[in-house]
Amino acid sequence: MGRAAEMIGATPAFLRALGEARLIEPLRSEGGHRRYSRYQLRIAARARELVDQGTPIEAACRIVILEDQLEEALRLNEELRRSAGGPGGGGGGGS
């Protein structure tokens, strides 16, 4: 946990707070150590940025969740656009 906190410029207590807020839930090693994925560290870093700007941690967590949902929706939308415009995907004007 200390290394993960160091990587994002936060404290272990901050990472624990994000876990308590259910923003991130790290896996545990056999020895009980928290293991964070790159995705979780990116999310935690974004929350840290917001908190550093004065946003309360609960609000920062909600903002990060909404940003993540928006990013996923935009990705899915783009994927659907590509599949609809491709061969056999419609969008066509027959002759």
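Look at Glu67 and say whether it is open to solvent by 50 Å² or more (accessible area, probe 1.4 Å) and at pLDDT 95 or above.
yes
So, of the residues in the range 26-82 that are of a type outside the set (Lys, Arg) and touching a residue at least 40 places away in the same chain (Cβ under 8 Å), which turns out to be farthest from Thr11 (Cα to Cα)?
Here is the first cut: in the range 26-82, the residues of a type outside the set (Lys, Arg) are 26-27, 29-33, 36-37, 39-41, 43-45, 47, 49-61, 63-74, 76-80.
After this cut, where a residue has to be touching a residue at least 40 places away in the same chain (Cβ under 8 Å) as well, the list is 44, 57, 61, 64-65.
On the way: Ala44: 11, Ile57: 14, Cys61: 16, Val64: 19, Ile65: 21 Å.
Result: Ile65.
Considering only the range 3-49, how many residues are part of a helix (DSSP H, G or I) and either loosely packed, with under 11 Cβ neighbours inside 10 Å or within 17 Å of the chain's Cα centre (by Cα) (or both)?
25
Which residues, counting only those in the range 50-70, are among the acidic types (Asp, Glu) and more than 12 Å from the chain's Cα centre (by Cα)? Break it down stepwise before answering.
Within the range 50-70, the first condition is being among the acidic types (Asp, Glu), and the residues that meet it are 52, 58, 67-68.
Hits for the range 50-70 are Asp52, Glu58.
The values are calculated or read from the model by the stated rules, or taken from the named source; none is laboratory data. No experiment lies behind these values; they were computed from the predicted model shown. Backbone-built Cβ (ideal geometry, glycine too); neighbour counts: all protein chains shown. These accessible areas exclude ligands, DNA and RNA; they are computed on the full protein's heavy atoms, side chains included. Shrake-Rupley method; radii C 1.70, N 1.55, O 1.52, S 1.80 Å.
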